[in-house]
Amino acid sequence: MSDRKRVLILGGTGDATALATRTTEIAGVEVITSLAGRTRQPTVASKNTRIGGFGGVAGLTDYLRDQKIDVLIDATHPFAAQISFHAAAAAAAVGIPHLMLIRPAWERTEGDRWIEVDSHEAAATVLPGIAQRIFLTIGRQELATFAHLQDLWFLMRMIDPPLPNVAVPPGKLLLKRGPFSLNNERSLLQQYEIGAIVSKNSGGDATYAKMIAARELGIPVIMIQRPPIPPGDIVADIDSALAWLLTGD
Ligand code: NAP
């Protein structure tokens, strides 16, 4: 019988990987990281990693019970809304503490030419009136939303190639994993004569350089706003998550 505290971290972000590494160092705590399995070669933090969906709220609730999870930390991407609502519901059903680690959204600063929209669909609707050559930095999951824009040209950056049978807009694929430097982003925008960027408001440093480059070059950014999050405890950084873990329950 182990009296170690079992912590499940829902991952898929750099913050989750870093949090798992630091949590593993705490005496008396056992960490399991969960990934959806979207990237082919994920950056894995702990040896104790499970991959794949749970099967909705019911599946996650069963998992928490079966695995005797004591604490659930949701460190998923701010746009991974479904799993966050599932996590809140499952933790409540089992009656265990639940925390969301959500890095702050980027904020518009002087010189930014942001056009804020609520969805990928809304971004696709406004694009034709704004520019002809677009830097599409939204990953691969929502590419099809832009596929009907056949008169535009897209530079599309993502970690893994689009899944087979997914409609892709016209343009060029760039398969790269961040972080990206300001020099890199500035050269990309200039080399491909980009007239607008489409980005989610993901927050964090790893992909922020494109915002600085856009500001410098006066390029508009179609900024997709974050989806709603469930109620619950929230922290903005890893240190605060660790403090919550040590004192919170
Ligand atoms: P989502 O729409 O919220 O989730 C869809 C389904 O994927 C969930 O219902 C769940 O399946 C499964 N899932 C998601 N995250 C999981 C996790 N950490 N462990 C186990 N199952 C998980 O999420 P998504 O937008 O597809 O994102 C999937 C993963 O990629 C997330 O872990 C997220 O952190 C990461 N990611 C997402 C984005 C983005 O922009 N959306 C960007 C970077 C990284 P079941 O219902 O079967 O449990």
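Numbers at a glance
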item: Search result, residues across segment 69-112 that are near the ligand (Cβ under 9 Å from one of its atoms), closer than 15 Å to Phe54 by Cβ, open to solvent by 20 Å² or more (accessible area, probe 1.4 Å) and among the small types (Gly, Ala, Ser); result: Ala80
item: Residue that is closer than 21 Å to Met158 by Cα and loosely packed, with under 15 Cβ neighbours inside 10 Å, where the choices are Arg50, Arg40; result: Arg40
item: Subset of segment 7-25 [of a type in the set (D, E, K, R) and under 15 Å from Trp244 (Cα atoms)]; result: Arg22
item: Conditions (1) more than 20 Å from Pro227 (Cβ to Cβ); (2) under 22 Å from the mean Cα position of the chain (by Cα); (3) not in a helix (DSSP H, G or I): number failed by Thr76; result: (1)
item: Matching residues, segment 144-163, being farther than 15 Å from Glu121 by Cα and under 22 Å from the mean Cα position of the chain (by Cα); result: Phe154, Leu155, Met156, Arg157, Met158, Ile159, Asp160, Pro161, Pro162, Leu163
item: The listed residue being more than 22 Å from Pro231 (Cβ to Cβ), away from the ligand (no atom under 11 Å from the Cβ) and of a type in the set (S, T, N, Q), out of Thr24, Thr17; result: Thr24
item: Which numbered condition Ile229 misses (of (1) outside any strand (DSSP E or B); (2) over 20 Å from the mean Cα position of the chain (by Cα)); result: (2)
item: Within segment 190-202, considering residues that are of a type outside the set (D, E, K, R) and closer than 26 Å to Ala81 by Cβ, the one surrounded by the most Cβ atoms within 10 Å (Cβ to Cβ); result: Val198
item: Cβ-Cβ under 6 Å pairs, at least 6 apart or on other chains, segment 146-175 side touching a residue at least 24 places away in the same chain (Cβ under 8 Å), far side among the charged types (D, E, K, R); result: Leu155/Lys172; Ile159/Arg177; Asp160/Arg40
item: Candidate set: segment 136-189, residues that are acidic (Asp, Glu) and more than 15 Å from the ligand (Cβ to nearest atom); chosen: the one surrounded by the fewest Cβ atoms within 10 Å (Cβ to Cβ); result: Asp151
item: Unmet criterion (only one of (1) crowded, with 17+ Cβ neighbours inside 10 Å; (2) part of a loop (DSSP other than H, G, I, E, B); (3) within 13 Å of the ligand (Cβ to nearest atom)) for Leu60; result: (2)
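The values are calculated or read from the model by the stated rules, or taken from the named source; none is laboratory data. Note that the coordinates shown come from a computational prediction; the quantities given were computed from them, not determined experimentally. Heads up, the Cβs are rebuilt from the backbone with ideal geometry, glycines too, and the neighbour counts pull from every protein chain shown. Note: accessible area is taken over every heavy atom of the protein model, side chains too, but ligands, DNA and RNA are not part of it. Shrake-Rupley method; radii C 1.70, N 1.55, O 1.52, S 1.80 Å.
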